[in-house]
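The structure under discussion appears below in the form of structure tokens.
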């Protein structure tokens, strides 16, 4: 065969490259997000997490993926869900509230963990210290459980001095004992009678609510726990029927129909957690990233709910509100 014909023949043959040098698909990091509640109740917080990731250059679906696990209010499921994400070998675990954070820490000592919690992370054993967390865990805390005394004081301004107060807390929440202790201390300081009922995810919520009703309570105080995102509808139905002012730990509960809340701007905290997660994806170590503490607080009131309950906010109280829902 002539050289010219041989070259022409080669021109029509596809070039075969060794497998090792073929273009490989890019690997997109995966963040496993562990929730104690439902997709619906966590939607606004997931959006804030995505915004925080975007602040440091990560766009979900483009250069980072989120893989969610929801316990649907059953905290006993969290260890198994955390183990699933560890087995999935996610790049970072993002734990939404205290029970998921505790489950995530128990599940791995190697995968970086970023938490969002309303308690002191040192007290519950998540980190060694706020400034130097150590190990593979860091995150954001808004310390909402430290504000129960102020919340109770604001609530008492709306009801008669002799009226008892009902409190609801969650059975399997690790903060329940502390929340009850601190709220009882605040009630004692205000010379108020406090009746406490503990709700179980598997139990009938109507029974504990009716027990409080029989105590002739004048208001309802909800422990600063994420569990009440799921229980809000029956609680607000009960409060409306019996004309009871309600106090929640976060403003989204007030937007959803609660009367009032005092606490940190939780959405801002979740955005910060998203940004921290992005920094960890870029190579920073949780051990040296100090725990962020919320600095933005808000006093939210719902005037539409107040009208339905027949509650009038004193001008001295209303002027303090930073978020008025009309």
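Bear in mind that the values in this text are calculations on the coordinates, not laboratory data. Fair warning: this is a prediction, and the values are worked out from it, not measured in the lab. Here Cβ is always computed from backbone atoms with ideal geometry, including for glycine, and neighbour counts include all displayed protein chains.
Details
- Selection count, region 92-108, where residues are surrounded by fewer than 23 Cβ atoms within 10 Å (Cβ to Cβ) and part of a loop (DSSP other than H, G, I, E, B): 1
- Test: residue in region 298-306 that is on the phi < 0 side of the Ramachandran plot, surrounded by fewer than 19 Cβ atoms within 10 Å (Cβ to Cβ) and part of a loop (DSSP other than H, G, I, E, B): no
Per-residue answers, yes or no, for (1) without any contact (Cβ under 8 Å) to a residue 60 or more places away in the chain; (2) farther than 17 Å from residue 139 by Cβ:
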residue	(1), (2)
277	no, no
285	no, no
308	no, yes
321	yes, yes
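- The residues of region 103-122 that are in contact (Cβ under 8 Å) with a residue 12 or more places away in the chain and either out of contact with any strand residue (DSSP E or B) (no Cβ under 9 Å at 6 or more places or on another chain) or under 20 Å from residue 180 (Cα atoms) (or both), listed by number, are 106, 109, 110, 117, 118, 119, 120, 121.
- Which numbered condition residue 156 fails, given (1) touching a helix residue (DSSP H, G or I) at 6+ places or on another chain (Cβ under 7 Å); (2) over 21 Å from residue 36 (Cα atoms): (1)
- Matching residues, region 219-240, being touching a residue at least 24 places away in the same chain (Cβ under 8 Å) and out of contact with any helix residue (DSSP H, G or I) (no Cβ under 9 Å at 6 or more places or on another chain): 230, 231
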